[in-house]
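> Please read through the structure below; I'll follow up with questions.
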Amino acid sequence: MKISVILGHPTAGSFNHAIADAALGDLKTRGHQVFFHDLYAERFDPLLVTGEIPREAVLPADLDLHCGEIAAADGIIIIHPNWWSMPPAILKGWVDRVLRPGMAYNFEEDGKGGSRSVGLLRAKRALVVTTANNPQENEVAMLGDPLEGWWKRCVFGLCGVPVERRIFSPVILSTLDQRKQWLEDVRQAVAEIFP
């Protein structure tokens, strides 16, 4: 399988990077072809500019590479921290620029005077792994877990890809043993979702 792995954390050596390493190690051990992008290390530009909006736009080479890889992927893994109940801006910009209409989704008439989305990505499943310093039960109690709805309905729901999510929190209070267990949980999830 071709698996696209996207990491959105600015600090090399972070727990998010350890999660990416665990996922990548498992995927490569089992012979998957992996497209990996550390958005911060690559200095991915998150700004969608007017010239990129038309479907027929000629895209910069780096963006064209991201679009081609995500379109070809059989599975997708996204890894990022929860900042203000959203992914970091660089990852939001990646969604804006890479998951393009006509490539990741289209709209068609719904027969009721409106439209509905039609997912175009070939990926059969996605895994989103998030970390936070706020305990997850607090996030849900206070805000209803905005990331869950954003990834499942707004992003991958539009693109037709079912999503599973793993949430590790609170990282700031976690022990070394807890982080080791979380990394094992990542390996198991990757093996189950992308056999």
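Only the coordinates and a few stated rules stand behind these numbers; no lab work does. What you see is a predicted model, and the numbers here were worked out from it, not measured in a lab. In this analysis, Cβ positions are derived from the backbone assuming ideal geometry, glycine residues included, and neighbour counts consider all displayed protein chains.
> How large is the charge dipole for the chain, taken about the Cα centre, if only the Cβ atoms of Lys, Arg (+1) and Asp, Glu (-1) carry charge, to the nearest 20 debye?
Here the size comes out at about 260 debye.
> Roughly what would the spin-label model give for residue 61 and residue 89, points 7 Å off Cα along C-beta, in nm?
About 2.8 nm, to one decimal.
> In what sequence do 125, 55 fall when counting other Cβ within 10 Å, fewest first?
Sorted ascending by nearby Cβ count, the order is 55, 125.
> Now a separate question. Answer with one residue from 115, 130, 143: the one whose Cα lies farthest towards the positive end of the charge dipole of region 106-177, charges on Cβ with Lys, Arg +1 and Asp, Glu -1.
115
> Please rank 109, 148, 164, fewest neighbouring Cβ atoms within 10 Å first, as an exposure proxy.
109, 164, 148
> Out of all DSSP beta bridges in region 2-193, what portion is antiparallel? Express it as a percent rounded to 5.
The antiparallel fraction comes to roughly 20 percent.
> Same structure again: Given H placed on each backbone N at 1.01 Å, which residues far from residue 128 in sequence or on other chains put an amide H within less than 5 Å of it?
Placed amide hydrogens put 78, 164, 165, 166 under 5 Å from residue 128.
> Helices from the chain with mean Kyte-Doolittle at least -0.5 and a Cα length along the axis of 15 Å or more, per DSSP H: which?
15-29, 61-72
> For every helix of n ≥ 4 consecutive DSSP H residues, a contribution of -39,500 (n - 2.57) applies; sum these over the chain, divide by its total residues, and give [θ] at 222 nm rounded to the nearest 500 deg cm²/dmol.
About -11000 deg cm²/dmol.
> Beyond a 24 Å Cα-Cα separation, which of these cross-linked pairs lie in this structure: 152/180; 124/152; 92/124; 28/152; 28/180?
Among 152/180; 124/152; 92/124; 28/152; 28/180, the Cα-Cα distance tops 24 Å for 152/180; 28/152.
> Output the relative contact order of the chain, whole-number percent, from Cα pairs under 8 angstrom with separation of 6+ residues.
Here the relative contact order equals 24 percent.
> Can you sort 1, 142 so the residue with the fewest Cβ neighbours within 10 Å comes first?
Fewest-to-most Cβ neighbours within 10 Å comes out as 142, 1.
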